[in-house]
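> Sharing a structure, written as C-alpha cells. Questions coming.
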Amino acid sequence: MQSAIDLARPGLPADATAVRARRWSVSWIALAAVFVSLFALLPLAFIVWVAVQTGWETVAALVFRPRVGELLVNTSLLVVLAVPISIVLSVMLAWLTERSDLPGARLWAWLSVAPLAIPAFVHSYAWVTMVPRLHGLWAGVLVSVIAYFPFLYLPVAAALRRLDPALEDAAAALGLGPWRVFRRVVLPQLRLAICGGSLLVGLHLLAEYGLYIFIRFDTFTTAIVDQFQSTFNGPAANMLAGVLVTCCLVLLGLEVLVRGEERYARVGSGAARQQQRTGLGRATIPCLLLPAITTLLALGVPFATIGRWLMAGGADVWRLDEIGLALGQTLFLAIAGALLATVAAMPMAWISIRAPGRLQRVLEGCNYIVGALPGVVIALALVTIAVRIAMPLYQTLFTILVAYALMFLPRALISLRASIAQAPVELERAASSLGRSPLKALWSTTIRLSAPGAAAGMALVALGIMNELTATQMLAPNGTRTLAMAFWSYSGEIDYASAAPYALIMVAMSLPLTWLLYVQSKRMAGR
C-alpha cells in the first residue's frame, strides 16, 4: 500500500516536500514573532527617544532634583521593606500548609492564595475606610504585603511539594537539628521560587498606582500619573517614566544575580517519596494564629468593609443601569484584549518550542521585558506616539487594546508555550505531507491541541485587564467606564457606599480564576 507521505506532491520526494513546507512555515511565523517582539520594545524605544529629543541639560534638570530623590527613596524603602516581609510570611505559611500537620491545611492553603482575587486598590480602599488615619510608608508596606504575598506563596508552596525529603533525612542522620536542616537543605532549594516570586512582588510594587493614592504615599507611578494629568504628557512625566524603567531593569538584574546557576534537579534513578508531615504538637494553636491572622487581614477586612458599605448604602447603590454598562464594557475590553494578546503571542510561543535558538531567546526576552514595565509607562508611550504621529488613534479602541496586549503578552505567552510543547510536531508534518498548506496544517493540529492552554492564557490576561486602572484611564475612548474606573470615580468622590458594588463584582469575577491557579499549582506538583 502506498503511504500517505508518498502522495504529498507528484514529482518530488516526500521528505523534500515536508522540508520545504516546514521552512516556509518557520519563516513566516518567525517574521511575525520578530514584528511582535520589536513592537513590544516600543515603550523602551520611546523612553530613549524622548530623552534624546529633550536634551541632556533638560534631562539632568528634570531627573537630578530633590523631588525625584524623594520618590526614589520612597519607592526603594517600599520595595526593601515589603519584599523581605512577604518572603518570610510566604515561606512560613507554605511550610505550615505543605509540611506540617496543621489542622485544615488545605483550607488555609486556598485562603493564602485567595487575596489575589481582590485588586490591590480594593485592599487599600478597605483599609483606609476602616482605619482613616492609615497613611505613609508603613501603611503602604502593610497593604502591599497583604495584597501581594500570594505571588510568593504560590511558587514557594509548589517548590516545597516537589522537594525530595531524602536530602533532609541525610542531613538529619548527620546530626543536624530541624532548624539547621531547614536552613541548610530546604531553604537553598527554594531559592528559585523565592527569587521569582520576589521579582513579581517587586515589579507590582513599582507599577501600582491606586493602592498608594488611597494611603497618600508618593511613588514614581503616582507621580507620573499626577504629572501627566497636570501637564498632559510633559517632559517631566517622561523622565520620571525613564527612572521607573531603570528601577524595573535593576530589579530584573538583581533577580538574575541572586538566582545564580546552581542545579536543583535530582540526579540518578528513582522517584522522590512523599514527604511526611511534621507534627506541631503543643505549637499547633500558636501556629494556627499565623494563617488565621493573615486571612483576617487579607480577606476579612476587605469583605467586612465591602459588606458594611453595601448595608449602609442599601438598595440605592445598586444602580443596575450603570453597573450593567460598566460590566458590559469591562467584559468586552477583557475578551478583546485577551484575544489580541493570545494571537500576538502565538508566533513567539510556536518558535520557542519548534525552532529554539539564539534568535528565539532574544525575541522571547523582548516580550518578557515589556511585561516587566509598569502599565503607566506603556500608556505614556502610546499617548505620546498617538498625539505626535497618529492623532486619529488617540483615545480609540485600537490604542487601548494594543496597550493591553503589550502589558499582558507574557501571561499569554507562558500558557501557550506550555500547551504547544505538549502537541506533537509529527502531527504538523503529517498534515503538511497530506497536501495542506503550512498555515492550515498548523491550524488543524497544533493550534487546536493547544486550545486549552490558549484559553487559560486568555483567562489570565482577561483577569489582568478587568482589574487594570492606570492605562485604561489614560487611553480609553471617551465614554468608557469599566468596573475599575467606576469604582475609582466613586471612591475618589468619597462615596464609598456607591463604590462597594463595583468592588464586590470585581472580586466575584476574579475568585474562580484564583481557584484555577491554586488547582493548577497542585497539579504541577502531582497532587
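> Given a 1.4 Å probe and heavy atoms of the protein chains only, how would you sort Arg183, Arg358, largest accessible area at the top? Please list the in-between numbers first.
Working: Arg183 115, Arg358 195 Å².
Final ranking, largest accessible area leading: Arg358, Arg183.
> Between Leu187 and Thr278, how many nm apart are label points set 7 Å from Cα along the C-beta direction?
Result: 1.2 nm between the two label points.
> Just the accessible area per residue of the stretch 41-178, please: how many Å² with a 1.4 Å probe? Before the final figure, lay out each step's value.
On the way: 5770 Å² over 138 residues.
Normalised by residue count, the accessible surface of the stretch 41-178 is 42 Å².
> Less than 19 Å from a label point 7 Å out along the Cα-to-Cβ axis of Leu77: which backbone N atoms in the stretch 194-227 qualify, by residue?
202, 205-209, 211-224
> Where a ≥ b ≥ c are the square roots of the eigenvalues of the C-alpha gyration tensor, would you call the stretch 462-519 rounded, which needs a/c under 1.5, or, failing that, prolate if a/b is larger than b/c, or oblate? Could you put the intermediate results ahead of the total?
Details: a/c = 3.03, a/b = 1.42, b/c = 2.14.
Oblate, because a/c is 1.5 or more while a/b does not exceed b/c.
> Let me ask something else about it. In nanometres, what is the gap between the two model label sites at Asn478 and Arg162, each 7 Å from Cα along Cα-to-Cβ?
5.2 nm
> Now a separate question. Given 5 Å bins starting at zero, what is the percent of C-alpha pairs of the stretch 323-401 in each, up to the one with the largest pair distance?
That works out to 3, 13, 15, 18, 20, 16, 10, 5, 1, 0, in percent per bin.
> Same structure, new question: In units of 2.2 N^0.38 Å, what is the alpha-carbon radius of gyration of the stretch 49-114? Spell out each step's value before the answer.
Numbers: Rg = 21.9 Å, N = 66, 2.2 N^0.38 = 10.8 Å.
Dividing the Cα Rg of the stretch 49-114 by 2.2 N^0.38 Å gives 2.02.
> Set the Förster distance to 41 Å, then compute FRET efficiency between Ala105 and Glu57 from the Cβ-Cβ distance, nearest 0.05.
Values: r = 61 Å, r/R0 = 1.48.
So the FRET efficiency works out to roughly 0.10.
> Take the alpha-carbon centre of the stretch 67-143, take the same for the stretch 192-224, and report the distance between them in whole Å.
Distance between centres, Cα-based: 11 Å.
> Report D for the stretch 334-375 in µm² per second (integer): Stokes-Einstein, Kirkwood Rh on Cα pairs, 25 °C, 0.890 mPa s.
Here the translational diffusion coefficient equals 218 µm²/s.
> If you don't mind, there's one more thing I want to ask. Determine, for each peptide in 95-102, 374-381, the mean count of other beta carbons within 10 angstrom over its residues, then list the peptides with the highest first.
On the way: 95-102: 19.8, 374-381: 27.1.
Top to bottom by mean Cβ count within 10 Å: 374-381, 95-102.
> How many angstrom lie between the Cα centre of the stretch 484-509 and the Cα centre of the stretch 278-311?
So the two Cα centres are separated by 24 Å.
> Let me spell out the model: positive unit charges on the Cβ of Lys and Arg, negative unit charges on the Cβ of Asp and Glu, origin at the Cα centre of the stretch 46-188. What dipole size does that give, in debye rounded to 20?
Values: 10 positive and 7 negative charges, 28 e Å.
The calculated dipole for the stretch 46-188 is roughly 140 debye.
> How big is the stretch 75-196 on each of its three principal axes, counting only the C-alpha atoms and giving the largest first in Å?
54, 32, 22
> Counting only the heavy atoms of the protein chains, how much of Ile293 is accessible to a 1.4 Å probe, in Å² to the nearest 10?
Here the accessible area works out near 90 Å².
> So if each residue of separation counts as 0.36 nm, and I subtract the Cα-Cα distance between Ala45 and Ile494, what length gain in nm does that give?
On the way: separation 449, 0.36 × 449 = 161.64 nm, distance 3.91 nm.
The Ala45-Ile494 span can extend by a further 157.7 nm.
> Let me ask you something else. If each of Ile285 and Ser27 carries a label point 7 Å out from its Cα toward its Cβ, how far apart are those two points in nm?
The modelled label-to-label distance comes out at 7.6 nm.
> Could you pull the accessible area for Asp321 with a 1.4 Å probe, rounded to 10 Å²?
It works out to around 120 Å².
The values are calculated or read from the model by the stated rules, or taken from the named source; none is laboratory data. These numbers come from a predicted model, not from an experiment. When we count neighbours, we look across all protein chains shown, and the Cβ atoms used for this are built from the backbone with ideal geometry, even at glycine. Accessible surface is based on the protein model in full, side chains and every heavy atom, while ligands, DNA and RNA are left aside. Shrake-Rupley method; radii C 1.70, N 1.55, O 1.52, S 1.80 Å.
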